1. Under the Karplus relation 6.51 cos²θ - 1.76 cosθ + 1.60, θ = phi - 60°, what is the ordered set of whole-Hz ³J(HN,Hα) values for segment 428-439, x standing for Gly and Pro?
2. Return the long-range amide H neighbours of residue 177 (sequence gap of 5 or more, or a different chain), with a cut-off of under 5 Å between placed amide H atoms.
3. With only alpha-carbon atoms counted, please give the Rg and Dmax of the chain, in Å.
4. Could you run the Karplus curve 6.51 cos²θ - 1.76 cosθ + 1.60 with θ = phi - 60° over segment 251-262 and give me ³J(HN,Hα) per residue in whole Hz, x for Gly and Pro?
5. In square nanometres, what is the average projected area of the Cα convex hull of segment 473-593?
6. Go through 267/340; 134/285; 48/285; 209/340; 209/267 and tell me which ones have a Cα-Cα distance over 27 Å in this structure.
7. Which value results when the Cα radius of gyration for segment 11-53 is divided by 2.2 N^0.38 Å?
8. Given segment 483-546, what whole percent of its Cα pairs are spread farther than 13 Å?
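Quick note: the coordinates plus some simple rules give every number you see, no bench work behind them. Computed from a predicted structure; not experimentally measured. Because the Cβ atoms are built from the backbone with ideal geometry, glycine has one as well, and the counts that use them run over all protein chains shown.
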Amino acid sequence: MNRWRDIPQRSDLLLQYLIDIQQRDSCISTESIQKLSTELAIPAAQIKSVIEFYSFLHTTPRGHFNILFSDNITDQMAGSRALMRQLCQQLNVRQGDPRADGRVTVDTTSCTGMCDQGPALLINNFPITRLDSKRIELIAQLIEQDTPLEQWPAEFFEINDNVHRADILLTHNTEDGDALRALLEEGAETLLQRIGDAELRGRGGAGFKTATKWRLCKQADAAQRIVVCNADEGEPGTFKDRVLLQSYAAQVIEGMTLCAGIIGASKGFIYLRGEYRYLLDSLEKELQRRRDAKLLGNNILDQQGFNFNIEIHLGAGAYICGEESALLESLAGHRGIPQKRPPFPVTRGYLGLPTVVNNVETLMTACQIASHGSDWFTDKGTRQSAGTKLLSISGDCQQPGIYEYPMGTSVSDILIDCGADGPQAVQIAGAAGQTLCHREFKRKIAIEDASTGGSFMVFNRHRDMLDMVQNFAHFFAHESCGFCTPCRVGSTLISNLVDKLYTSHATQNDLRDIERIALVMRHASHCGLGTTASNHILDTFNNFPDAYQRRLRSTEYTPAFDLDLAVCEARAITGRDDDDAHIVCPPQEGFKP
Ligand SMILES: Cc1cc2nc3c(=O)[nH]c(=O)nc-3n(C[C@H](O)[C@H](O)[C@H](O)COP(=O)(O)O)c2cc1C
Ligand code: SF4
């Protein structure tokens, strides 16, 4: 299948063409690369470097059934590793290698955004959730029988919304076109003012004021402007955008159209993470439905010149592409490398055009504010953080799922609501966020206090917090884009040192190294991934020092490399064994977290 066959060859669609080729051929062959190179006038080496960047793209074939187990810590806590081993055993396949007959590959991938119904896996891009031993057995049988996916039990592929608490956003639905009619009746300036009065801040994590972003883009001098919906949702433990795209897509798209009408954009993109590819058809249908209803396309609601079209671009398994400048690179068909800022996307974004990038939840909220007014929103929340926030709650609680809370709600209230049993920690805002211990459960979800893009993972008192640390350390080493040294080298060093600690081979000196590297990454990395990648380390050093201390090989200093031993051959050759021929290591201070 080729989603782009009617579109003249565009180099910015390179990533989309590659995704289509892989979908068709199971990998991207040298011939396909050569053909694309000729058609798009892009050097083959550049195309190869794009393929190498995205973990879902391959130049060698995967199995006919390509299975990727979600490897987030919450999946692991629910037993995903044992289930993967079971499947590998039943299918007689080694993790990561296609089986000799080419039937199947089994591997892991970063969080698939199904933490409320994990353990989960992707099979040929379709998620299967609620895995257990029985389901794995059935999957193995279906694969051995070569049963096409369409004939697999439908309940395997059911994805539930799991909304357990709804507030204004999820209960006050707007009618199709309400926000756009308000725009046409009251004018762009009034609507922009309304979004500003509502004090709406971006829901993607950074909390930038939405009206300010839109105004800056509107003021940028250009013939064309762009609106991008950031649906990359790769932060481990976050899945609220998945639910909005599945059940509230009309309002998200209307929010994009509203933004386009206000800033004067004629083109928009939904950048949909590859893991959510199963939502592609329903989103395409929703776009078409809105075009037919004159809510999208040319002359929207019969307003001459109000033209706005949206394309959906798929991601391909790169967490960094959620960072807005990397996302814009990816949209242009490049490797998703974060760019230097300024210039910010509002003045120089997609293909150099002024671009608004907003999170899915931000766009839906803007749509509702346009219809219901700013007071509707500011009546909820705190002085600095208006409105409500969607949380994706997972981990050790009885009712994982989506919860909408007024900003300012305390962590302890949320823990009671979701049925957390004996929590010792909450990881908010994903792997890049904060690790709160019980002393901090009085803190409030708000931009000025415990700020989160939506992830809320609960760890009960029986969990070893080092499991989480190791999972996140591996995650960042894998997801670092490699552009800058502090993050590229630092994330790998930390991952290796944490592994050493995990297997009880580390010393106090290794802990000191971990801390030193974590601080270098925080202060010297090029983008938000590197500056936040060690948050979990530094927080757990402070809040859970025992998790580290009990894994140490020795609480005394032991050098990882015995320098004195290394020069013993030189001593033998020179026939020396006096004091000066020995290297004496100075005593080190013990690690004090
Ligand atoms: C490593 C990294 C990953 C990010 N991932 C996402 C994401 O998946 N979704 C998102 O909306 N914002 C993500 N962001 C934040 C975006 O860069 C950007 O601030 C956001 O899309 C702006 O939208 P908002 O103003 O509506 O929040 C990420 C940032 C970083 C540094
Ligand atoms: S901090 Fe990490 S992800 Fe960001 S540019 Fe540097 S290497 Fe890439």
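1. 9, 6, x, 4, 7, x, 10, 9, 8, 9, 4, 5
2. Sorted by chain and number, the residues that satisfy this come to none at all.
3. In Å, with Rg to one decimal and Dmax whole: 25.6, 95.
4. Values per residue, Gly and Pro as x: 6, 5, 5, 5, x, 5, 5, 4, 4, 4, x, 6 Hz.
5. On the way: hull surface 36.8 nm².
Taking a quarter of the hull surface, the average projection is 9.2 nm².
6. On the way: 267/340 24 Å; 134/285 35 Å; 48/285 33 Å; 209/340 21 Å; 209/267 22 Å.
Violating the 27 Å Cα-Cα cut-off are 134/285; 48/285.
7. Taking the Cα Rg and dividing by 2.2 N^0.38 Å, one obtains 1.00.
8. Here the tail beyond 13 Å accounts for 59 percent of pairs.
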